Amino acid sequence: MTEIKDISFSNFKLQGVKRVTLFIIAALSLLQLGAQQTDRIFVKPDGNGDGSSWSSPLGDLHQALAMAAPNSGTEIWVATGVYLTTSGTDRSLSFQIPSGIKLYGGFAGHEQSIEARNIEHHPTKLSGEIGMPTVDDNAYTVVYTKNASESTLIDGFIITGGSANKKLPNDLVTPEVSGAGWYNIATHGTSNPTIRKCKFIDNNAREGAGFFNLADGGEASPSIEKCQFIRNIARLDGGAVYNGSFGGTSTPRISKCRFEYNVATYGAGILNKATSGKVMTLVKSCQFVSNQAHFRGAGIYNDFYGEGTSKSIMVGCIFDKNSSSTGDPVSSRSNSYEGGNGVDNISRKGY
C-alpha cells in the first residue's frame with residue numbers, strides 16, 4: 001500500500017508541474033500578444049466618442065495627439081475631412097506631433113488595415129485656413145515637430161493653408177516666419193521624422209514655405225518620401241523645402257517627390273543653407289517642374305556662410321521648365337553639388 005501511495009503522489013506532483021508549466025506558457029503568450037498589439041486612436045471630423053474604434057471616434061485631432069504618449073508607437077488613424085489648427089483665431093496653434101507616434105490619413109472611416117485605405121479617394125487635410133477667408137490671418141505653421149525620433153511617421157495627408165507672414169528680423173527663423181506647412185527643428189538633439197505620401201499645397205512663408213528643417217545645434221535629418229510640393233511660395237528662400245543648420249548637421253533624404261509651381265528668391269524647389277555646421281541633402285528620383293526663382297536655383301540652391309558647408313547629392317532627378325533670372329536650375333554659392341554617380345544622373349530638359 002505504501003508503494004502505491006508513493007506512485008500516486010508522484011503522479012500528482014508530475015501533473016501539478018505540467019499544469020504550472022502550461023499556465024506559465026499561456027501567461028507568456030498573452031503577454032507577448034499584448035506587447036504586439038499597438039495602441040490605436042481613431043479620429044473623424046464629426047466624432048464624439050472616446051477614440052477606441054471607428055464606431056466611437058474622437059472628433060478632435062489635437063485631443064488624439066495629446067492622448068498619444070511620446071515614443072509609445074501609438075497609431076492615430078484619421079478619416080477623410082478637413083482638420084483645422086484651431087476652431088478659433090489663434091495663429092500660433094499647430095498640430096504638434098509627439099515623437100515616436102504614427103499618424104495615418106486617407107481613411108474612409110471603416111478600414112481594418114492601413115493597406116485598405118485610399119488616400120486619393122479620401123483626402124485628409126491638415127489646414128491652417130482659419131479666421132477670414134484670406135491667407136493673411138491663417139495659422140503660422142500647420143504641423144510642428146521638435147526632436148522627433150526616426151520612428152515618428154506622418155503618412156497620407158494634405159498640408160495646406162499655412163501663412164508664416166509675421167514681420168520679424170531676418171536673422172530669426174521661428175515658426176511665425178518659417179515653415180508654414182511644417183516646421184521641424186532639432187535643438188541639441190535629433191529630429192528625424194519620416195514624411196510619406198503627403199502633399200504640401202499653397203503654403204506661404206518668408207523661408208521654407210512648404211517644409212522648414214533646421215538643425216539648431218542638433219541633427220535634423222528627416223526622410224521625405226513620395227510627397228508632392230505644389231504652389232508653395234517663399235518671399236526669400238526655399239519655396240518648397242528649406243534645410244538649414246546653425247552649428248548642427250542636416251542630412252535629409254528626399255526621394256520620389258515632385259516639386260511643381262513653387263516660388264522663391266533662391267531655391268524655389270529646395271534651399272540648403274548652412275550658417276554654421278553642415279547641410280548635405282540626398283535628392284533621389286525627384287521631379288522639378290515649372291518652379292520659379294527670382295534670382296538663382298529654380299530647382300535647388302546650396303548656400304553657406306562662415307564655417308558652414310552645404311551640398312546636394314542628386315541621383316536620377318528630372319528638371320523641366322524651371323526658370324530663374326541667373327544660372328541653371330541647380331546652382332550654388334560654391335558649385336557644391338554632385339550628381340550621385342555622376343552629373344549624367346540629372347536630366348536637364350526644357351529649362
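One table, with the values for the structure above:
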| quantity | calculated |
| --- | --- |
| Ranked list, fewest to most other Cβ atoms within 10 Å of each Cβ, for LEU61, LEU126, LEU84 | LEU84, LEU61, LEU126 |
| Förster radius 56 Å - calculated FRET efficiency between ARG40 and SER325 (Cβ-Cβ, nearest 0.05) | 0.65 |
| The range 65-87 residues near the modelled HIS110 label - backbone nitrogen below 19 Å, point 7 Å along Cα→Cβ | 77-81 |
| Cα gyration tensor, the range 38-349 - rounded (a/c under 1.5), prolate or oblate | prolate |
| Antiparallel bridge percentage (DSSP; both residues within the range 38-349; nearest 5) | 5 |
| Ranked list, fewest to most other Cβ atoms within 10 Å of each Cβ, for PHE259, PHE304 | PHE304, PHE259 |
| Full-extension gain in nm, ILE318 to THR86, via 0.36 nm per residue minus C-alpha separation | 79.7 nm |
| Extension gain (nm, one decimal) between SER56 and ASP137, 0.36 nm per residue minus Cα-Cα | 25.8 nm |
| Computed over the range 197-324: relative contact order in percent, which uses C-alpha pairs under 8 Å that are six or more apart | 22 |
| FRET efficiency for GLN63 and SER290, using Cβ-Cβ distance with R0 set to 35 Å, rounded to 0.05 | 0.30 |
| GLN228 long-range amide H proximity, modeled H, under 5 Å | CYS198, LYS199, PHE200, ARG258 |
| Footprinting exposure proxy for THR86, THR190 (fewest neighbouring C-beta atoms within 10 Å first) | THR86, THR190 |
| For the range 108-259, alpha-carbon Rg and Dmax in angstrom | 15.0, 49 |
| Length-normalised contact order of the range 38-349 in % [C-alpha pairs under 8 Å, at least 6 apart] | 10 |
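Read-outs: derived from the displayed coordinates by stated rules, not from any lab. Remember, it's a predicted structure, so these values are computed and weren't measured experimentally. Using ideal geometry, Cβ is built from the backbone for each residue, glycine included, and neighbour counts are taken over all protein chains shown.
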